[in-house]
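Trainee: Can you read through this structure? Questions will come right after.
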Amino acid sequence: MVDSWRSQEYNNYKPKKVLIVGVTENLTARKKFESQLKTELKIRGIDAVESYDVFAPTFTSLKQTEEDIEKEVEKISNNGFDAILISAVKGVDEKTTYTGDWYITDYYWRRFGRYYYLYQDVYFDRGYYNKYKIYNIESSLYNLKENNDKSLVWVASYSVVDPSSINTTVNDYVKAIIKSLENEGIINKIN
């Protein structure tokens, strides 16, 4: 977790029925995320439902207008949901790290020959730089029973660094979300 915020207007807020929405093009990742988060919330006594069980397939595959989204939120609220937890990839950064020796002292910086001698491997060693991706993901919890612009209960930002498998990444991410919600007192910890 990189950062989080909780509205002070919802100090005692405890969701009872939550719609989980994963926003990603990767259908497998979305289903795994929504299913695993549902399981974790149910363990804590919260009725949770995956969005692919509620939304029509066209809802996520087509661009929606604000009016379409508001109609869907009203329908969800009328079906007893009091909260939506949505998670979306906000951006992907590609990073490069230097994997050479970093034993340079001030002395080596003073002479060009010594400096160049130590760093010339950048031209010869193909493994000198390592590229990886950081996925910036944001999760938000909204109170559907509030009919105003202040329905945001909680939001947190996460950085997922160079994910190697969907299962491991989803597992770690769901654990981070649950821990954040527990620490904020929004959901109960299990013993």
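Each reported figure results from applying straightforward, stated rules to the coordinates on display, with no laboratory input. As the structure is a prediction and not an experimental result, all values here were calculated from the model. All Cβ positions, even for glycine, are placed from backbone atoms using ideal geometry, and neighbour counts span all protein chains on display.
Trainee: Calculate one ³J(HN,Hα) per residue across region 62-73 by plugging θ = phi - 60° into the Karplus curve 6.51 cos²θ - 1.76 cosθ + 1.60, and present them in order as whole Hz with x for glycine and proline.
Mentor: Result, ordered by residue: 10, 5, 9, 8, 4, 5, 4, 5, 4, 4, 5, 4 Hz.
Trainee: Mind listing the long-range amide H neighbours of V21? Cut-off is under 5 Å, sequence gap 5 or more, other chains count too, H placed in the peptide plane at 1.01 Å from N.
Mentor: So V21 has HN proximity to L85, I86, S87.
Trainee: Using Cβ contacts closer than 10 Å as the measure, can you line up W5, W154 from fewest to most? Each step should come with its number before you reach the end.
Mentor: Values: W5 13, W154 23.
The fewest-first ordering by Cβ neighbours comes to W5, W154.
Trainee: What is the set of long-range amide H partners of L144 at a cut-off below 5 Å, with H atoms built 1.01 Å from backbone N?
Mentor: So L144 has HN proximity to A83, I84.
Trainee: So, one more: Go ahead and run the numbers for FRET between V73 and Y129, Cβ-Cβ distance against an R0 of 45 Å, rounding to 0.05. Each step should come with its number before you reach the end.
Mentor: Numbers: r = 46 Å, r/R0 = 1.03.
Here the calculated transfer efficiency is 0.45.
Trainee: Further, regarding this structure: Just order 25-33, 50-58 by mean Cβ neighbour count inside 10 Å, highest at the front, would you?
Mentor: Most protected by this proxy first, the peptides run 25-33, 50-58.
Trainee: So which of K42/K95; K14/K95; K71/K95; K95/K145; K42/K150; K14/K75 end up more than 30 Å apart, counting from Cα to Cα?
Mentor: Beyond 30 Å between Cα atoms: K42/K95; K14/K95; K71/K95; K95/K145.
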